[in-house]
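K.L.:
I am attaching a structure below and will ask some questions about it afterwards.
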């Protein structure tokens, strides 16, 4: 069945030459042709493999997790990984009174001591020859998660956009003389429109393309005022899931996600499900609820991202993995297909975390025979899977 596409999406596919006579958008024959074309193209981004590190994920530096030790970088490097993404909450590095709601003026009050902590982790990653992607997980006026009261809306308020550009200009200036082979700037984690910016469960929708373009263009220009060669990445629209055709001319790479379908990646996760205890048991492949889950579903999901690679835009999967309640054998079977599709098309990845619920270390899964690794609990089967691609 032919899917009807928005005008912007259809124009993008026409531009890339994939909407041609006799080539449907669904079906195995169409994907086989796409795979053949992909083999002849090269992703503009390196096929980085690595992890997100959550040291600066919390907006309150007194409530953050333990700092990443240097030995983690050594292990990552020894195991063949070359990439870390640092999702940052901008309030983490502000000098503000956290007992009350932040004001727009305070968004500019940078705490250099906290910035130095971030820089120390960047330098440690560089010591082990890893590319570092700085990401604003929480930016002035937007975060996919609640937990901090934003004073305005990034998508509708110029004051928020001005502050957003200020923060990125600060980071771009700090790394002005660092090669794009060593650092990149991932503008905003998982963008979406939300009726109430401070209500986790308020109605969410896709950011209008022209609005996303305005924000991405302003921030990328602020970054490149410091170094025109700085590498800029934009997370996919609709919480990282969909390509942004409106910015393909801006020399900005794009970042997809490896969480589809959510019944596998976020099984029983309370922040992602209204009734986490009453979900159908995940299978891969297999019938789950009203859907049959298989590799074909993933091939269809990643098709636009592969088209994007073929059109000459760099693509990386900035987050992927599964929470620890998904049965381990189901997780490995599903994740193997995710990584296979990405890898076959030259797209690298970053697991959501190295150590923790989604991680290769200390995930807390109840059905894993962990290997002791220098006092840490190593999921060797997961590591072997990651190492194959």
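The values are calculated or read from the model by the stated rules, or taken from the named source; none is laboratory data. Note that this is a predicted model, so its numbers are computed, not measured. As a convention, Cβ positions derive from the backbone with ideal geometry for all residues, glycine included, and neighbour counts pool all protein chains shown.
K.L.:
Among the residues of region 345-371, write down those that are closer than 19 Å to residue 81 by Cα and more than 19 Å from the chain's Cα centre (by Cα).
P.N.:
Correct list: 361, 362, 363.
K.L.:
Can residue 142 be described as surrounded by 15 or more Cβ atoms within 10 Å (Cβ to Cβ), touching a strand residue (DSSP E or B) at 6+ places or on another chain (Cβ under 7 Å), closer than 18 Å to residue 168 by Cα and at pLDDT 95 or above?
P.N.:
Judged against the criteria, residue 142 is not a match.
K.L.:
OK, next. Hey, can you tell me all the residues within region 374-385 that are in contact with a strand residue (DSSP E or B) (Cβ under 7 Å, 6 or more places away or on another chain) and farther than 14 Å from residue 328 by Cβ?
P.N.:
Residue satisfying the conditions is 376 alone.
K.L.:
Next up: Does residue 288 qualify as being touching a helix residue (DSSP H, G or I) at 6+ places or on another chain (Cβ under 6 Å) and more than 21 Å from residue 244 (Cα to Cα)?
P.N.:
yes
K.L.:
I'd like the residue in region 51-69 that is outside any loop (DSSP other than H, G, I, E, B) and farther than 16 Å from residue 111 by Cα and, out of all such residues, is modelled with the lowest pLDDT.
P.N.:
63
K.L.:
Moving on to the next point. Tally up the residues in region 193-213 that are part of a helix (DSSP H, G or I) and exposed (fewer than 15 other Cβ atoms within 10 Å of the Cβ), please.
P.N.:
Of the residues in region 193-213, 1 are part of a helix (DSSP H, G or I) and exposed (fewer than 15 other Cβ atoms within 10 Å of the Cβ).
K.L.:
Taking residue 115, is it in contact with a helix residue (DSSP H, G or I) (Cβ under 6 Å, 6 or more places away or on another chain), within 29 Å of residue 45 (Cα to Cα) and in contact (Cβ under 8 Å) with a residue 60 or more places away in the chain?
P.N.:
no
K.L.:
Could you list, in sequence order, all residues of region 36-50 that are surrounded by fewer than 21 Cβ atoms within 10 Å (Cβ to Cβ), over 15 Å from residue 389 (Cα atoms) and at pLDDT 95 or above?
P.N.:
Answer for region 36-50, where residues must be surrounded by fewer than 21 Cβ atoms within 10 Å (Cβ to Cβ), over 15 Å from residue 389 (Cα atoms) and at pLDDT 95 or above: just 44.
K.L.:
Same structure again: Among what's in region 82-112 and is touching a helix residue (DSSP H, G or I) at 6+ places or on another chain (Cβ under 7 Å) and assigned to a helix (DSSP H, G or I), pick the residue that is farthest from residue 389 (Cα to Cα).
P.N.:
Per the criteria, the residue is 104.
K.L.:
Checking residue 358 against (1) buried (at least 20 other Cβ atoms within 10 Å of the Cβ); (2) under 22 Å from residue 133 (Cα atoms); (3) touching a residue at least 60 places away in the same chain (Cβ under 8 Å), which single condition isn't satisfied?
P.N.:
Going through the list (1) buried (at least 20 other Cβ atoms within 10 Å of the Cβ); (2) under 22 Å from residue 133 (Cα atoms); (3) touching a residue at least 60 places away in the same chain (Cβ under 8 Å), residue 358 breaks only (3).
K.L.:
Is region 266-276 home to any residue that is at pLDDT 95 or above, crowded, with 17+ Cβ neighbours inside 10 Å, touching a helix residue (DSSP H, G or I) at 6+ places or on another chain (Cβ under 9 Å) and under 24 Å from residue 42 (Cα atoms)?
P.N.:
no
K.L.:
Next question. Looking at 180, 186, which is the one that is in contact (Cβ under 8 Å) with a residue 24 or more places away in the chain, out of contact with any helix residue (DSSP H, G or I) (no Cβ under 8 Å at 6 or more places or on another chain), surrounded by 15 or more Cβ atoms within 10 Å (Cβ to Cβ) and within 17 Å of residue 252 (Cα to Cα)?
P.N.:
186
K.L.:
Kindly indicate whether any position in region 158-177 is under 22 Å from the mean Cα position of the chain (by Cα), in contact (Cβ under 8 Å) with a residue 24 or more places away in the chain, surrounded by fewer than 21 Cβ atoms within 10 Å (Cβ to Cβ) and outside any helix (DSSP H, G or I).
P.N.:
The answer is no; no qualifying residue exists.
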